[in-house]
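These notes concern the structure reproduced below.
The values are calculated or read from the model by the stated rules, or taken from the named source; none is laboratory data. Please read all numbers here as calculations on a predicted model, not as lab measurements. Counting neighbours? That spans all protein chains shown, and the Cβs are built from the backbone with ideal geometry, glycine included. Calculation scope for accessible area: heavy atoms of the full protein, side chains included, ligands and nucleic acids excluded. Shrake-Rupley method; radii C 1.70, N 1.55, O 1.52, S 1.80 Å.
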Amino acid sequence: MEDVKTFMVAHLKEICGAAVIGFTVMVVYKRCKRKIKKSYPRNTVIHHTIPRGPFAPSLTPFALKLETYLRMAKVPYQNEFDSVVNRSSKGKLTWIEYNGEEVADSEFCIKFINKTLNIDLDKDFTDEEKAIAYSFQKVAEEYFYWALFLQRWVYDEEGEVFKYIKIPWIFRKIGKRGAIKQAQAQGIGRHSQEEVQTLIFECLQNFSSFLGKKKFLLGEKPCQADCAVFGILSQCYWHGFGSFTEQEFKKFENLCSYCERMKAEFWPDWDDCITHDDTREATK
């Protein structure tokens, strides 16, 4: 066994290169196979996403955001857990089809559905309230998300999330390098781990302060932005895997209660939509 480890360490670059080529060939092959279009029911949103998560319905906050929105808006939809190989035109994992038309990116999916089906979940809120909710959503998705991204894919030395996505160990190193490059390009990856973790705490503190004793972001009634904020915070609460993020998150009782409230409101079938620590298949 030691000889094998020594060989692999000595030839890591060659092994990684061969693995990348093999993985690329596999993905291309699978994508070619999927070109045969399925027939779906008319007037039903087909939500392409990754398989169910262990403790929350998805390991990606954007899939949970979109599916929560579909439930909040009471839109007929059907899940296709195929987006690992069947990605959108933008290469993203969460996308939809509706009567043959494809839309990529969770936010543009929601805009498309709102326009197509004449839905406005925020009609009872003022322009000022909507602007505030939008701002918190963007802080969550465009800033806080990247701090969580680093915590999950780079700082977690144990690689807890990899236990659930079931990819060979060699791709973990490749994935980690890719994550570092993405975070550096975005900007947050240029900070130290200590600095990023300070940002995580400050974001949580501000989310908690704004939420206060309110049931949802804007009060007694949920708004569209709640879907996005819930999608992000759910990863801290249920998919933190014992990390710094989860430990800090659970110091804020109102944020924990908020997640539980959103779950109760829109996910009465939650237990059917998770794999319970990967011990069973999700039934929905």
For the chain, the spread of Cα positions along each principal axis, largest first, Å: 66, 48, 36
Given the options 248, 101, 265, state which has the largest fluctuation in a GNM of the chain using a 10 Å cut-off (strictly under) for Cα springs. 101
Under the rule a/c < 1.5 gives rounded, and otherwise a/b versus b/c splits prolate from oblate, where does the stretch 142-284 land using the Cα gyration tensor? oblate
29 Å Cα-Cα threshold exceeded, pairs from 74/250; 74/138; 123/250; 37/181: 74/250; 123/250; 37/181
In degrees, nearest ten, helix 12-33 long axis to first principal axis of the chain (Cα): 50
Could you work out the local net charge near residue 254, counting Lys and Arg as +1, Asp and Glu as -1, over the other residues with Cβ closer than 11 Å to its Cβ? +3
Taking Cα pairs under 8 Å and at least six residues apart, what relative contact order does the stretch 49-198 come out at, in percent? 15
Which aspartates and glutamates have a Cα less than 13 Å from the Cα of residue 92, not counting those fewer than 8 places away in the same chain? 82, 102, 105, 107
Between the stretch 77-93 and the stretch 174-207, the alpha-carbon center distance in angstrom: 26
Hey, what angle do you get for helix 106-117 against the long axis of the chain, alpha-carbon based, 0 to 90 degrees rounded to 10? 40
Residues of the stretch 214-242 with amide nitrogen under 17 Å from the 7 Å Cα-to-Cβ point of residue 193? 241-242
What is the angle, in °, between the Cα long axis of helix 224-237 and the longest principal axis of the Cα atoms in the chain? Nearest 10 is fine, range 0 to 90. 40
Over the stretch 181-268, calculate the relative contact order: mean separation of alpha carbon pairs under 8 Å at least 6 apart, over the residue count, as a percent. 27
Could you compute the net charge surrounding residue 103? Neighbours are other residues with a C-beta less than 12 Å from the C-beta of residue 103; K and R count +1, D and E count -1. -1
Once you put a point 7 Å from the Cα of residue 102 and another 7 Å from the Cα of residue 173, both along the Cβ direction, what distance in nm separates them? 3.4
Leaving out ligands and nucleic acids, note down the accessible area per residue over the stretch 135-284 with a 1.4 angstrom probe, in whole Å². 50
Rounded to the nearest 0.05, FRET efficiency between residue 278 and residue 80 (Cβ-Cβ, R0 25 Å) equals 0.75
Calculated diffusion of the stretch 118-190, Stokes-Einstein form, Kirkwood radius summed over Cα pairs, 37 °C and 0.692 mPa s, µm²/s: 224
Around residue 124, what is the net charge, scoring Lys/Arg as +1 and Asp/Glu as -1 over all other residues with Cβ under 14 Å from its Cβ? -4
Using each residue's phi in the stretch 153-170, evaluate 6.51 cos²θ - 1.76 cosθ + 1.60 at θ = phi - 60° and report the 3J(HN,Hα) Karplus result to the nearest Hz, with x for Gly and Pro. 9, 10, 7, 6, 5, 7, x, 4, 5, 5, 5, 9, 9, 6, 10, x, 4, 5
How many percent of the accessible area of the chain is carbon or sulfur, using a 1.4 Å probe? 55
Let me have the 222 nm mean residue ellipticity of the chain computed from DSSP H runs of 4+ only, each contributing -39500 (n - 2.57), with the sum over all residues rounded to the nearest 500. -16500 deg cm²/dmol
Could you give P(r) for the stretch 51-117, binned at 10 Å from zero, as whole percent values over all Cα-Cα pairs? 20, 59, 20, 1
Which FRET efficiency value, to the nearest 0.05, is calculated for residue 256 and residue 37 with the Förster distance at 41 angstrom and r the Cβ-Cβ distance? 0.45
Mean separation of Cα pairs under 8 Å and 6+ residues apart, divided by the residue count of the stretch 76-127: what relative contact order is that in percent? 19
